[in-house]
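The values are calculated or read from the model by the stated rules, or taken from the named source; none is laboratory data. Here the structure is a predicted model, which is why all the values come from computation and not from measurement. When we count neighbours, we look across all protein chains shown, and the Cβ atoms used for this are built from the backbone with ideal geometry, even at glycine. Surface accessibility is based on the protein's heavy atoms, side chains included, excluding ligands, DNA and RNA. Shrake-Rupley method; radii C 1.70, N 1.55, O 1.52, S 1.80 Å.
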Amino acid sequence: MKHHDYSDLIRPGVAGLVPYTPGQPIEQLERTLGISDAIKLASNENPLGPSPKARAAMEHHLDTLNVYPDADGFELKQRLAQRHGLPPECITLGNGSNELLILLAQVFLSEQTSAVFSQYGFAVYPIVTQMMGANALVVPAHNLDHPMALGHDLRAMYAAIEPTTRVVFVANPNNPTGTWLQRDRLHDFIASLPPQVICVVDEAYTEYCEPEEVGDAASWVPSFPNLVVTRTFSKAYGLAGLRIGYALSNPGVADMLNRVRPTFNVNALGLVAARAALDDDDFLIQSKNINRAGLAQLEEGLKALGLAYTPSRANFVLTHFDRPAQGLADRLAHFGVIVRPVANYGLPNALRISVGTQEQNSRCLDALGQCLA
Ligand SMILES: Cc1ncc(COP(=O)(O)O)c(C=O)c1O
């Protein structure tokens, strides 16, 4: 069909947007190569599959899928409120935590405002900032001499705040670098922010971490009215396909988010599965253990191949090469191994490798060895 150009008619921020590139679907690669055993270590998904309790809850719910979901997510919010020791009015549910980042931008950002985030910060921060026409104040990450190379430089982020700044995005740990922030440093940073600056602490990978090390920003919500913490069921809970996440904040912020939230943004299966997953402690422990072992396995293997990597507290490892890595990703795909090039983050010489099962990690390392030989 003829392509009509609508770029003159739209909001200025939208015209310059580059759509987010997700990992290549496994079925697509299998069709192309005519194979059936490809592995995808490209989207930071849980190699264990979904929590068995979540699966059972969904099966139980199938007969009532003709009914709209509970728009308020009452049951799930009650359970989350209990988990975090916060009233349900502090919780906003989202279609993945990605949607919450969009809602936050819609509520707080406009052409007259700015948002602060780090170089190499999660890709959605620049997208939602630009979407709203706000000014992006991108702060250089720690340089390679720093122990937390490529990670957020909180001091520089604080210094970058302008009178127009309404939102600071902080990922702990960050994607695609896997870098994290020390508990006390992050706490002091949040405490130092002016009250009109909303601090979004994105804790998508926090279940893999030790709270004594990275902090538990969710527990600081009662202390800071301008703190919003986003969490997800996509990673350690293994429910990425259901698209469900939540934000914890002061009830006043939650009220604003609720005004722009699509009424039925979280689907019925997502609500019951997330509710059940919160009771599946065994699964969460297993997720954490397999991830810890897998990170160690990947790091050992990369070292043995003479490759540099950024130490990670998430469920992936950013691996560095001495030349552009897209060709290597293409060669790995011929071995049935999908990993994620991150040139879109300004890291053309790196690949992000998600932690899989022990067998998948071995296969990835073997393929990498063969591609580099
Ligand atoms: C740092 C970070 N935040 C948020 C998200 C969004 O995840 P979801 O929308 O699945 O909750 C991701 C996904 O990869 C992420 O890496």
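Around residue 251, what is the net charge, scoring Lys/Arg as +1 and Asp/Glu as -1 over all other residues with Cβ under 15 Å from its Cβ? That works out to 0.
In this simple spin-label model, placing a label point 7 Å from the Cα along the Cα-to-Cβ direction at both residue 357 and residue 8 gives a separation of 5.7 nm.
Under a Gaussian network description of the chain, with springs only between Cα atoms under 10 Å, the residue in 351, 278, 307 that fluctuates furthest is 307.
Reported value for the range 305-373: 88 Å³ per residue, from the convex hull of its C-alpha atoms.
Solvent-accessible area per residue in the chain equals 46 Å², computed with a 1.4 angstrom probe and all protein chains kept.
If you find the alpha carbon centre of the range 55-132 and of the range 1-50, how far apart are they in angstrom? If you average the Cα positions of each part, the centres end up 21 Å apart. Net charge dipole, the range 94-194: roughly 80 debye, given to the nearest 20, about the Cα centre with Cβ charges of +1 for Lys and Arg and -1 for Asp and Glu.
The alpha-carbon atoms of the range 1-133, seen along their principal axes, cover 52, 49, 35 angstrom, with the largest extent given first.
Over the Cα atoms of the chain, the radius of gyration divided by the Kirkwood radius equals 0.96; this is the Rg/Rh ratio. Rg and Dmax over the alpha-carbon atoms of the range 171-232 stand at 11.0, 31 Å. For the chain, with all protein chains present and a 1.4 Å probe, just round the carbon and sulfur fraction of the accessible area to a whole percent. Ligands and nucleic acids excluded, carbon and sulfur give 54 percent. Result for the chain in a Gaussian network model with C-alpha springs under 10 Å: among 187, 142, 61, the largest mean-square fluctuation is at 61.
Here the convex hull built on the C-alpha positions of the range 1-74 has a volume of 285 cubic angstrom per residue. Among residues other than residue 103 with Cβ under 11 Å from its Cβ, the summed charge is +1 (Lys and Arg +1, Asp and Glu -1). Contact order for the chain, expressed relative to its length and based on alpha carbon pairs under 8 Å spaced 6+ residues apart, stands at 23 percent. In order along the range 167-180, phi translates into HN-Hα couplings of 9, 10, 9, 10, 9, 9, x, 9, 10, x, 7, x, 6, 9 Hz, rounded to whole numbers, per the Karplus curve 6.51 cos²θ - 1.76 cosθ + 1.60 with θ = phi - 60° and x for Gly and Pro. What does a probe at residue 72 reach in the range 246-266, counting residues whose amide N is under 17 Å from the point 7 Å along Cα→Cβ? Within reach of a label on residue 72, which here means backbone N under 17 Å from a point 7 Å along Cα→Cβ, the range 246-266 contributes 251-252, 254-266.
Rounded to the nearest 500, the helix-only mean residue ellipticity at 222 nm of the chain stands at -11500 deg cm²/dmol, with each DSSP H run of n ≥ 4 adding -39,500 (n - 2.57). Sorted largest first, the principal axis extents computed over the alpha-carbon atoms of the range 87-188 equal 39, 32, 24 Å. With springs connecting C-alpha atoms under 10 Å apart, model the chain as a Gaussian network and identify which of 34, 85, 270 has the largest mean-square fluctuation. Looking only at 34, 85, 270, the largest GNM fluctuation is found for 34.
Distant-in-sequence amide contacts of residue 39, defined by a placed amide H-H separation under 5 Å and a gap of 5 or more residues or a different chain, comprise 337, 338. Length gained on full extension, residue 263 to residue 60, computed as 0.36 nm times the residue gap minus the Cα-Cα distance: 70.7 nm.
Among residues other than residue 263 with Cβ under 11 Å from its Cβ, the summed charge is -1 (Lys and Arg +1, Asp and Glu -1).
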